[in-house]
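Below is one structure; the comments refer to it alone.
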Amino acid sequence: MSQKLRGLMVRAMLAGTALAGLQGLAHVASADTTINALFMSQAAYSEDDVRAMTKDFEAANPGITVKAEFVPYEGLHDKITLAQGAGSGYDVVLFDVIWPAEFAEHKVLADVTDKITPDMKKGVLPGAWTTVDYKDHAYGMPWILDTKYLFYNTEMLKKAGIAHPPKTWAELEKDAEIIKQKKIVEFPIVWSWTQAEAVICDYTTLVAAYDGKFLDDSGKPAFQNGGGVDALNYMVETMDKGLSNPHSKEYAEEDVRRVFSSGEAAFALNWTYMYAMANGDPKESKIVGKVGVEPAPGVDGKSKASAVNGSMGLGIPSTSKHQDEAWKYITYMTSQAVQNKYAKLSLPIWGSSYSDPAVTKGQEELVKAAKTSIGIMYPRPTTPTYTQLSTQLQQAIHNALLKQAKPEDALKSAADAANGGL
């Protein structure tokens, strides 16, 4: 064999080896999967918490990379539906308890009923499943188990001579009048009543207290009668008396947290996350150590306490091409170990977590309130046209708060409009 021929053969062998190596690398690369996850950027878990959870997941699952995107709650629904319409986008999405009916009817989320294990079914609190279930099918795993609590400034109540936090909404109104009369604070109550889903959550809490209904047994609007009207009358009355901060009409939950944490309110209705930030974070609060928390009040003869179901779940869009990896990520994020570790901003969905010192330490008062509130969480209407109904209700509530219509007239108009779409 000539020197030249031998050289050509060697180069061919090397080229073949290199090609095989590149093919091997390509095979390894194809084994890696990137999934896209969509979260909200306010309340419950912080962005830092979600990123830390995700980093730990990636370390335990080296073949999977997660790209997390955060948007304000108000943009979450549209982001999910627009991505669905494009036929691509996300593999994991955070969704509100009010959306499973719509998302199931329009096949936005994958049905994961068969993936729910007996241990999951047994260990997760029964009420949490309402977050992801629709017509006996599961469309994800519950993740954020949340409701609104009554937070109060213990120092202000003490100055006013108020011995204990209010147990009824009428008592809260009287306490607020005392605090205002003694000029402890100008506007004792702050709410999140901006014309968005936030105001519906506060309104729902009051509807529950007044034993009202959103829909009757036939699925038609019922909020224009009884407890629905009583709830809106209460909202308007506290505003008219100067007991509620007038800016509440523009406030969302973060505004409520800011005002309350600055010592500018005696009472606030807000989600779980505010307790840790207002009572334990000096960088975020001027009233650390002065925050009390109770279940939202009730109404004499109708309820002992009240609560709205503000829970959220993690689901897989039906268009996802990586559903197995997405489910692996969801089961990690919703696992009891992870939820217990990050229980300061959102309480776990797992029943046995509430006897775990890792969860209860430093927030015993909140956990005590949760044991009452979580058991009575009142749902917003379960209907595929919820988004439309919510918009109509938001407008009606604001018309009443802005004195553009009486509460009963505003709600009747919303009911009439809703009847056309239900």
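Looking only at the stretch 31-45, which residues are buried (at least 19 other Cβ atoms within 10 Å of the Cβ) and either in contact (Cβ under 8 Å) with a residue 60 or more places away in the chain or under 20 Å from Glu197 (Cα atoms) (or both)? Steps first, answer last, please.
Initially, the stretch 31-45 is screened for residues buried (at least 19 other Cβ atoms within 10 Å of the Cβ), giving 35-40, 43-45.
Across the stretch 31-45, the qualifying residues are Ile35, Ala37, Leu38, Phe39, Met40, Ala43, Ala44, Tyr45.
Quick grid of which residues meet (1) aliphatic (A, V, I, L, M); (2) in the same structural domain as Val207 (by TED's automatic domain parsing); (3) farther than 22 Å from Val97 by Cβ:
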{"residue": "Ala296", "(1), (2), (3)": "yes, yes, no"}
{"residue": "Asp300", "(1), (2), (3)": "no, yes, yes"}
{"residue": "Lys304", "(1), (2), (3)": "no, yes, yes"}
{"residue": "Pro317", "(1), (2), (3)": "no, no, no"}
{"residue": "Asp324", "(1), (2), (3)": "no, no, yes"}
{"residue": "Thr334", "(1), (2), (3)": "no, no, no"}
{"residue": "Ala343", "(1), (2), (3)": "yes, no, no"}
{"residue": "Gly351", "(1), (2), (3)": "no, no, no"}
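Among the residues of the stretch 56-69 satisfying the criterion of being in a helix (DSSP H, G or I) and in contact with a strand residue (DSSP E or B) (Cβ under 9 Å, 6 or more places away or on another chain), which is surrounded by the fewest Cβ atoms within 10 Å (Cβ to Cβ)? Don't jump to the end; show me each part of the working.
The initial filter retains those residues of the stretch 56-69 that are in a helix (DSSP H, G or I), namely 56-60.
If we keep only those that are in contact with a strand residue (DSSP E or B) (Cβ under 9 Å, 6 or more places away or on another chain) as well, we get 57-58.
Values: Phe57: 19, Glu58: 15.
By that ranking, first place goes to Glu58.
Before we move on, is Asn279 of a type in the set (S, T, N, Q), touching a helix residue (DSSP H, G or I) at 6+ places or on another chain (Cβ under 9 Å), part of a helix (DSSP H, G or I) and touching a residue at least 12 places away in the same chain (Cβ under 8 Å)?
Working: of a type in the set (S, T, N, Q): yes; touching a helix residue (DSSP H, G or I) at 6+ places or on another chain (Cβ under 9 Å): yes; part of a helix (DSSP H, G or I): yes; touching a residue at least 12 places away in the same chain (Cβ under 8 Å): yes.
Against the criterion (of a type in the set (S, T, N, Q), touching a helix residue (DSSP H, G or I) at 6+ places or on another chain (Cβ under 9 Å), part of a helix (DSSP H, G or I) and touching a residue at least 12 places away in the same chain (Cβ under 8 Å)), Asn279 qualifies.
Just give me the residues in the stretch 242-257 being in contact with a helix residue (DSSP H, G or I) (Cβ under 7 Å, 6 or more places away or on another chain), in contact (Cβ under 8 Å) with a residue 60 or more places away in the chain and part of a helix (DSSP H, G or I), in sequence order.
If the condition is that a residue be in contact with a helix residue (DSSP H, G or I) (Cβ under 7 Å, 6 or more places away or on another chain), in contact (Cβ under 8 Å) with a residue 60 or more places away in the chain and part of a helix (DSSP H, G or I), then Lys249, Glu253 are the ones that fit.
Please verify whether Ala358 is touching a residue at least 12 places away in the same chain (Cβ under 8 Å) and outside any helix (DSSP H, G or I), treating the condition exactly as stated. Working first, answer last.
Details: touching a residue at least 12 places away in the same chain (Cβ under 8 Å): yes; outside any helix (DSSP H, G or I): no.
Spelling it out, it is not the case that Ala358 is touching a residue at least 12 places away in the same chain (Cβ under 8 Å) and outside any helix (DSSP H, G or I).
Select from the stretch 82-100 the residues that are surrounded by 18 or more Cβ atoms within 10 Å (Cβ to Cβ) and assigned to a helix (DSSP H, G or I) and write down the one among them that is modelled with the highest pLDDT.
Residue satisfying both the conditions and the ranking: Pro100.
Please find, among Leu345, Leu314, the residue that is at pLDDT below 95 and either of a type in the set (A, V, I, L, M) or part of a helix (DSSP H, G or I) (or both). If you could, list the steps in order and put the result at the bottom.
Numbers: Leu314 fails: at pLDDT below 95.
Sole residue among the options that is at pLDDT below 95 and either of a type in the set (A, V, I, L, M) or part of a helix (DSSP H, G or I) (or both): Leu345.
Can you pull out every residue in the stretch 39-70 that is in contact with a helix residue (DSSP H, G or I) (Cβ under 7 Å, 6 or more places away or on another chain), at pLDDT 95 or above and more than 20 Å from Ile349 (Cα to Cα)? Before the answer, list the steps.
Kept after step one, since they are in contact with a helix residue (DSSP H, G or I) (Cβ under 7 Å, 6 or more places away or on another chain), are these residues of the stretch 39-70: 39-44, 53, 57, 61, 63-66, 68, 70.
With the extra rule that they be at pLDDT 95 or above, the set shrinks to 39, 53, 57, 61, 64-66, 68, 70.
Within the stretch 39-70, Asn61, Ile64, Thr65, Val66, Ala68, Phe70 meet the criteria.
Being among the acidic types (Asp, Glu), surrounded by fewer than 24 Cβ atoms within 10 Å (Cβ to Cβ) and touching a Pro at 6+ places or on another chain (Cβ under 7 Å), is that true of even one residue in the stretch 269-290?
The answer is no; no qualifying residue exists.
Residues of the stretch 377-413 being part of a helix (DSSP H, G or I) and under 30 Å from Trp129 (Cβ atoms), which ones?
Correct list: Tyr386, Thr387, Gln388, Leu389, Ser390, Thr391, Gln392, Leu393, Gln394, Ile397.
Going by the structure shown, is Pro379 outside the structural domain of Gly63 (by TED's automatic domain parsing) and surrounded by fewer than 19 Cβ atoms within 10 Å (Cβ to Cβ)?
yes
Go through the stretch 298-328 and give me each residue that's polar (S, T, N, Q) and under 27 Å from Pro165 (Cβ atoms).
Within the stretch 298-328, Ser303, Ser306, Asn309, Ser311 meet the criteria.
The values are calculated or read from the model by the stated rules, or taken from the named source; none is laboratory data. Everything quoted here is computed from the prediction, not taken from an experiment. Virtual Cβ from ideal backbone geometry, glycine too; neighbours counted across all protein chains shown.
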